[in-house]
Structures are given as C-alpha cells and as structure tokens.
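Participant: Pasting a structure here, questions to come.
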Amino acid sequence: MPTTADSTETVEKQNTEKSTESTGKAEKRKRAENVDFTGSKKKKWEDPNKKVDPLEELPMNIPFKIVDGVRHLSPYWACYRTRTKGRWIGRKMVEVFSGEFLSTNRNYAKIACKMGRIYVRDLPIRIISDTDDLLVIEKPPSLPVHTCGQYAIHTVLGQLRVNEGITGLRVLHRLDRATSGVLLFAKNYETDLEFKTTLKQGEWSKEYICKVDGVFPDEEQLCDQPIGPLVISMGIQCVRPDGKEAKSRFKKLWSDGTHSVVQVHIETGRTHQIRVHSQFLGHPIVGDQLYNSTVWGSTKGKNAEYQKSFEEVAIEISGKKFQVFLSFQLCEDVRNTHKSENWHEKPNPEYEQRMEHLAADSTEITPETPGLTVDQRPEFDEICQKCNVESKKVPDNHYQLFLHCLKYETPKWCFKTELPEWAVQK
C-alpha cells in the first residue's frame, strides 16, 4: 500500500497510525524483514483452541520518526480479529465491513476477501481435556450435540469429525442446541459405562450459569417442581403434577436492575430443567423462545399458572393404560407457536399441490434408481420442503441461549470453563 509523506492508512492487516516516511516497495519489504515478531504467527493463527493475546502478535522494534513533536510509526502488518456480532447474522461480510469499519475504503473488504486476507472461521470447539478414555470440550452455542432434526453436519460430533478428525465418540450427556459449556464424551465402552453409572447414581455435581429476566431474589431459591412433556414431538416440557422429580437450586450472582445472572445447581437432569424451573419462579431465561413467552399465560407460566387447565385422562401405550394430566389447549397453543410453517417466509402453493398429487393413491411414481450416491443426486429435490419453501430470517436469539454449563465434577474429577462474556459483571 503506497505511503504518503505525512500519513498512511492501513486496513485489516495494517495499522491506522500516521507515518511520515515515504519509501518505495523494495524498502518496505526490507524493513518488514528486519522487524522482529514474538512467537510463530502462523501457528497461533491455525490453532483454534488456543487463546491468542493480540499484543503477542504485534511486531517489535518498529522504525519511527519524530516530526514536529509527533511520533510517526512506519507501516507495519498486524492481524485484526473480531467476534461476530448478533446484528451481523444473515448479512454479507462485505456489507458489514463497508458499513461498520468506516476507516477503510468501501471496496477494501471485497478485495481483501478475494486476496484471502479476510475469512470467517468455524465456531471454535475448545478442547478442555483429551485422554485415551475421555474427550471434554467447551461446546459453543447454536450446535446440537449430535444429528437431530434438520441438523447433520452442523453438530458437535459433525464438526469434531470434519475439523479435528475425531470419530467414534460416545455421548455421556447432552446440552441443548443453544446452550454452551462443558460437554463430555467417552472414547470406549468401559469409560462410557463407568461415567453413565456414576451419573445415574447422582454422583455428578452440575453447575450452570444463566441470565434471567427481572431482579432475582437475594436468597437461594429451591425449585422442586415435577417436569413432564407438553408437546412430545417438539420436546417441549412443562411443570405438571404427574411429571418426573426435578430439583434445581438458584443463587443470584448479580443484577443490573433489568436482568440477573444466576448460578444454578441441578440435582436431576430433566429435559429443559433449568429453563422450565426458571420460568416457574417467574424469571425465565432472557430471550428463551420456548419458555419466555405469553403463550404460557399472562405471567409466562409463573407458578405453573398457565391459565389453561389440566385434565386427568386415560391413555393407552403398548397395551398398558395410564392416568395422566394433559392440557390440550396449552399443548395446542404452544405447538402452533413453534410449528415449522411459522419459519416460512411465504407459502408455495405449487409445492403443496405437487405433494398432494404425488401422494394420491392414483398417482404412479417411478422408483428411483437403487444405490444412488449423494454425488449422483440433484441439488434440487422436488419433494423437499427446504428446496421449495423460502424461510424467514432466523432471529438472533435462535442461535444462543443465555445458559452455560460451567462445571461438572465428582470426587474423582472436575472439568470447568471460564464464565461466558455475558455473565461477567461490567
């Protein structure tokens, strides 16, 4: 990049500080070769699990001049790193850089991308411990643990396979897709059996951090309300009289008057336990799409006052009869709030008509050629909903839940992470 006599503009890998030294390209290369760097820049750049200190990457002994009492540095290269902001999601990188990095030329980002200077890295999966028997990681939000629903590649197991070449792991416990934190995998049957046995025996101490609505009470709050399924097909739970035993202890760490960060110890491991219990206490997790909503009633399900009564009914499963409590209205309302059609930007009548036609008993369909590989299949599938229906923009709170698994431990071992940024009191 050419340097003017009194200042220089450096973008992405160049500093924006002034320089009064005008040199040719050959002199710049020579000066760059004489600059000392601390450590191996390439190694730090390629290691996704190692935290990089930006100061350690900066060059040393940069030439400078003092002109009119002002210290002017010569141009130097430096790496600029940034975390993705919520407002960036769904936007093109060129648009983000041109709109928010105003010190650069409006075309810089596009050119730098073409040159390979700017790129987006995969979500880092930090490895906490890796032994012959056990792999412990810090799960990022937005990834389910394993293949489920519409997720296959973008899962923790999928990313470990693609990016780290790690396969054959056994899932010891799970975290919700949008939850982050400590996650353990066994590498063999013996370890799998040992850890799951201690888990079932209640030997695991499980500590979480969450951010909830409102000012949480100063005193520790115990919630031991039973939890059971409400919408089985969606995995949505609720407090119900015939639910399974569940126990959570909540302790406020701090509050800003609008939200509170709370420490939670759970003695059981029911699906969505912390989310359901925090809802019951009247302090649902901030932005929780499932449980922080008035579809649960005007108080969002506080004290399980759903304003839709439960009825005791008899159901039959595998030839056995059971008496259960159900709220058909609540179930229907919650299901309708989260059904897949709500993600569609607009309906596709042609697709619906085609599916009705193909599904009709009178329609003859030629079977596909047996043994088709993935590479042999077309990019567009006429019966695939994803291929035929335009989806809405995914809201930011779909990717991250303010719920983090901070520490798992037994008398024999302990694995923990640092507090997430949103849980640190400013």
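Participant: Of everything in region 367-412 that's surrounded by 15 or more Cβ atoms within 10 Å (Cβ to Cβ) and of a type in the set (A, V, I, L, M, F, W, C), which residue is farthest from E203 (Cα to Cα)?
Facilitator: Applying the filter and picking the extreme gives V389.
Participant: If you don't mind, another one. From the set of residues in region 388-426 that are basic (K, R) and within 22 Å of S260 (Cβ to Cβ), which is modelled with the lowest pLDDT?
Facilitator: Keep residues of region 388-426 that are basic (K, R), which gives 392-393, 407, 412, 416, 426.
After this cut, where a residue has to be within 22 Å of S260 (Cβ to Cβ) as well, the list is 407, 416, 426.
Values: K407: 97, K416: 97, K426: 85.
Ranking the qualifying residues of region 388-426, first place goes to K426.
Participant: Restricting attention to region 252-259, does a residue exist that is buried (at least 16 other Cβ atoms within 10 Å of the Cβ) and not in a strand (DSSP E or B)?
Facilitator: Within region 252-259, not a single residue is buried (at least 16 other Cβ atoms within 10 Å of the Cβ) and not in a strand (DSSP E or B).
Participant: Would you mind telling me which numbered condition in (1) over 27 Å from C331 (Cβ atoms); (2) out of contact with any Lys or Arg (no Cβ under 8 Å at 6 or more places or on another chain) L222 fails?
Facilitator: (2)
Participant: Condition first: among the polar types (S, T, N, Q), more than 30 Å from H283 (Cα to Cα) and touching a residue at least 12 places away in the same chain (Cβ under 8 Å). Now tell me which residues in region 162-191 satisfy that. Write out each step before concluding.
Facilitator: Let us first name the residues in region 162-191 that are among the polar types (S, T, N, Q), namely 163, 167, 179-180, 188, 191.
In the following step, the residues that additionally are more than 30 Å from H283 (Cα to Cα) were identified as 163, 167, 188, 191.
Within region 162-191, N163, N188, T191 qualify.
Participant: Related question: When both residues are 6+ apart or on different chains and their Cβ atoms are under 7 Å apart, which pairs have a first residue that lies in region 351-366 and is touching a residue at least 24 places away in the same chain (Cβ under 8 Å), and a second that is surrounded by 11 or more Cβ atoms within 10 Å (Cβ to Cβ) and outside any loop (DSSP other than H, G, I, E, B)?
Facilitator: Partner pairs satisfying both residue conditions: Y351/N388.
Participant: Check whether at least one residue in region 275-293 is assigned to a helix (DSSP H, G or I), charged (D, E, K, R), within 15 Å of P229 (Cβ to Cβ) and modelled with pLDDT of 95 or more, and report yes or no. Lay out the reasoning, then the answer.
Facilitator: Applying the first criterion (assigned to a helix (DSSP H, G or I)) to region 275-293 yields 275-280.
Now narrow it down to the ones that are charged (D, E, K, R): 275.
Now drop any that are not within 15 Å of P229 (Cβ to Cβ), which leaves 275.
Those left that are additionally modelled with pLDDT of 95 or more: 275.
Yes; the residues of region 275-293 include at least one that is assigned to a helix (DSSP H, G or I), charged (D, E, K, R), within 15 Å of P229 (Cβ to Cβ) and modelled with pLDDT of 95 or more.
Participant: Related question: For the structure I just gave you, tell me whether G165 is in contact with a His (Cβ under 9 Å, 6 or more places away or on another chain), farther than 29 Å from V262 by Cα and at pLDDT below 95. Steps first, answer last, please.
Facilitator: Working: in contact with a His (Cβ under 9 Å, 6 or more places away or on another chain): no; farther than 29 Å from V262 by Cα: yes; at pLDDT below 95: yes.
Against the criterion (in contact with a His (Cβ under 9 Å, 6 or more places away or on another chain), farther than 29 Å from V262 by Cα and at pLDDT below 95), G165 does not qualify.
Participant: Tell me, please, whether a residue that is under 30 Å from D242 (Cβ atoms), surrounded by fewer than 14 Cβ atoms within 10 Å (Cβ to Cβ) and at pLDDT 85 or above can be found in region 325-332.
Facilitator: Checked region 325-332: at least one residue is under 30 Å from D242 (Cβ atoms), surrounded by fewer than 14 Cβ atoms within 10 Å (Cβ to Cβ) and at pLDDT 85 or above.
Participant: Hey, among E220, E194, E207, which residue is acidic (D, E) and in contact (Cβ under 8 Å) with a residue 40 or more places away in the chain? Let's see the steps before the verdict.
Facilitator: Values: E220 fails: in contact (Cβ under 8 Å) with a residue 40 or more places away in the chain; E194 fails: in contact (Cβ under 8 Å) with a residue 40 or more places away in the chain.
Just a single option satisfies the conditions, and that option is E207.
Participant: Considering only residues that are within 11 Å of L135 (Cβ to Cβ) and of a type in the set (K, R), which ones fall in region 167-189?
Facilitator: Listed by number, the residues that qualify are R170, K187.
Participant: Let me ask you something else. If you take the residues of region 100-113 that are of a type in the set (G, A, S) and at pLDDT 75 or above, which of them is nearest to T82 (Cα to Cα)? Break it down stepwise before answering.
Facilitator: Step one: list which residues in region 100-113 are of a type in the set (G, A, S), which gives 103, 109, 112.
Within this subset, residues satisfying the condition of being at pLDDT 75 or above are 109, 112.
Working: A109: 14, A112: 16 Å.
That would be A109.
Participant: Suppose we keep only residues that are in a loop (DSSP other than H, G, I, E, B) and basic (K, R) within region 294-309. Which one would you say is farthest from A246 (Cα to Cα)?
Facilitator: From region 294-309, those in a loop (DSSP other than H, G, I, E, B) are 297-301, 305-309; that's our starting set.
Next, only the ones that are basic (K, R) stay: 300, 308.
Values: K300: 20, K308: 22 Å.
My answer is K308.
Participant: Could you pull out every one of the helices (runs of 4 or more DSSP H) wholly within region 324-426 that has 3 or more residues that are among the hydrophobic types (A, V, I, L, M, F, W, C)?
Facilitator: Numbers: elements: 328-338, 349-359, 385-388.
Passing ranges, in order: 328-338, 349-359.
The values are calculated or read from the model by the stated rules, or taken from the named source; none is laboratory data. Only a predicted model underlies this, so the values are computations on that prediction, with no experimental measurement involved. When we count neighbours, we look across all protein chains shown, and the Cβ atoms used for this are built from the backbone with ideal geometry, even at glycine.
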